[in-house]
Amino acid sequence: MRADMRALLEGTYRAALAAVSPEILLAPHLGERRPDFILAFGKAALPMARAALRAYPGVPTLIVPPAATADLSAPPEATVMPGSHPLPDERSVAAAEEALHRLGALKDGQEALILVSGGGSALLAAPDGVTLVQKQALTSELLRAGADIGEINTVRRHLSRTKGGRLAQATRASVRALLLSDVVGDDLSVIASGPTVPDATNFADALAVLERYGIAAPEARTHFRSRAADTPDDLPNVTNTVVGSNRLLLEAAQRHLTGQGIPAVILGDTFEGEARELARFHASVVLSGQRYGSPFTPPVVLLSGGEATVTLRGDGVGGRNQEFALALALALGDGGVYALSAGSDGIDGSSEAAGAFLTPDTLTRARQLGLDARDFLNRNDSGRFFARLGDALLTGPSGHNLNDFRALALGTDFA
């Protein structure tokens, strides 16, 4: 049964990603007008660019994917300049400079097609007011302090010549931007730090984030207090369209399960906050149903998404999805559920895994191996915990990024 349930959960995850692949999501939005230049950046940059070039062969194209992408091949009309993620490096800066140069060379009456996916903030980096090293250090501090993606992007937007609408501002051409959302609520200004979106925040908001978390960053503070040009609050030459979201991923998973005769319920796609808190909430849904009668009659798979965060307290290996899974195991105790928590991008934090599986005997098997689950959680070492159990999900980078995927199987009769 354990192998069957693991196969069911992994198969659902993979089937959902395939059903909402970047190519499938992009195709209906490409239209007949042929752009003069294509720029694709983010974790899904390559599949998005390949789909666009099938529709518009021969269009000059710049693609900026993560350097860890396994297949960096592209059509001959495309230039591929890999960048670094999650922290930018000199490659990210070079790619941003090239993108700004090419966009700046376009003229009135021409059109740029910009394909944006999550991860673009780091992959296309043009520091403004600080050096790259200073910006890297500040991003690390914000991550370690537990700042959410919105707060991090507010700071990064105002230390960049590409983010917060400044990428689109760099060209006289019209801009058609198609975006895959990896953020809760599909806020355009947050996806890849809003490079093609008017910015509702300003230098004062960025400074407030540093104050909130007690981060010194003197160079950034000086820039935020300067009279330098702020991000644009209007971009009349731009249209932005979200073509993919976490909700679509969960709906694809639900269709896959119901197509096999397995009931599936989407709890929501807007869950955010600490992974441990989200785990406790999901555990309460399961436990209250076991004790008082659940509104979800087993067998049923509960699906949820959104974006968890992790406040680092230790120096372990892992990410928000494996931390959620480990916290869920502890919250449920012995006799838990079969579950999978994984990132749609195939990479969970600092580990090589996409996420992790739970089984009803996760804690029992851990004790048999001499593993203290609570200690691993306290050290943010969920990646090593699940690797030792053989329950890490290893997929490699998926070429996609539609946020978190969680599936909890209630009951055991899924035959």
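So, of the residues in the stretch 166-201 that are closer than 15 Å to ALA228 by Cβ and at pLDDT 95 or above, which turns out to be surrounded by the most Cβ atoms within 10 Å (Cβ to Cβ)? Per the criteria, the residue is ARG166. In the stretch 125-145 there is no residue that is in contact (Cβ under 8 Å) with a residue 40 or more places away in the chain, part of a loop (DSSP other than H, G, I, E, B) and within 21 Å of LEU53 (Cα to Cα). Look at ALA70 and say whether it is modelled with pLDDT of 95 or more and small (Gly, Ala, Ser). Here the answer is no, as ALA70 does not meet what is asked.
With respect to ILE38, is the statement that it is free of Cβ contacts under 8 Å to residues at least 12 places away in the same chain and either under 30 Å from SER341 (Cβ atoms) or surrounded by 17 or more Cβ atoms within 10 Å (Cβ to Cβ) (or both) true? No, not satisfied. One residue is enough: does the stretch 356-373 have a residue meeting the conditions closer than 17 Å to SER304 by Cβ, assigned by TED's automatic domain parsing to the domain that holds ARG276 and in contact (Cβ under 8 Å) with a residue 60 or more places away in the chain? Checked the stretch 356-373: at least one residue is closer than 17 Å to SER304 by Cβ, assigned by TED's automatic domain parsing to the domain that holds ARG276 and in contact (Cβ under 8 Å) with a residue 60 or more places away in the chain. Are any residues in the stretch 81-92 surrounded by fewer than 19 Cβ atoms within 10 Å (Cβ to Cβ) and either in contact with a Lys or Arg (Cβ under 7 Å, 6 or more places away or on another chain) or at pLDDT 95 or above (or both), and if so, which ones? The answer is ARG91, and nothing else. Close contacts from the stretch 106-119, counting a first residue that is part of a strand (DSSP E or B) and a second that is modelled with pLDDT under 95, with Cβ to Cβ under 7 Å and a gap of 6+ residues or different chains, come to GLU111/ARG33; VAL116/ILE191; VAL116/ALA192.
Listed here are the residues, each with its yes/no results for (1) out of contact with any strand residue (DSSP E or B) (no Cβ under 7 Å at 6 or more places or on another chain); (2) not in a loop (DSSP other than H, G, I, E, B).
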site: ARG365; (1), (2): yes, yes
site: ASN380; (1), (2): yes, no
site: ASN401; (1), (2): no, no
site: PHE405; (1), (2): no, yes
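One residue stands out among those in the stretch 42-68 that are touching a Lys or Arg at 6+ places or on another chain (Cβ under 8 Å) and either assigned to a helix (DSSP H, G or I) or not hydrophobic (A, V, I, L, M, F, W, C) (or both): the one that is surrounded by the fewest Cβ atoms within 10 Å (Cβ to Cβ), which is PRO60.
The values are calculated or read from the model by the stated rules, or taken from the named source; none is laboratory data. A quick note: this is a predicted structure, and the numbers were derived from the prediction, not measured. Virtual Cβ from ideal backbone geometry, glycine too; neighbours counted across all protein chains shown.
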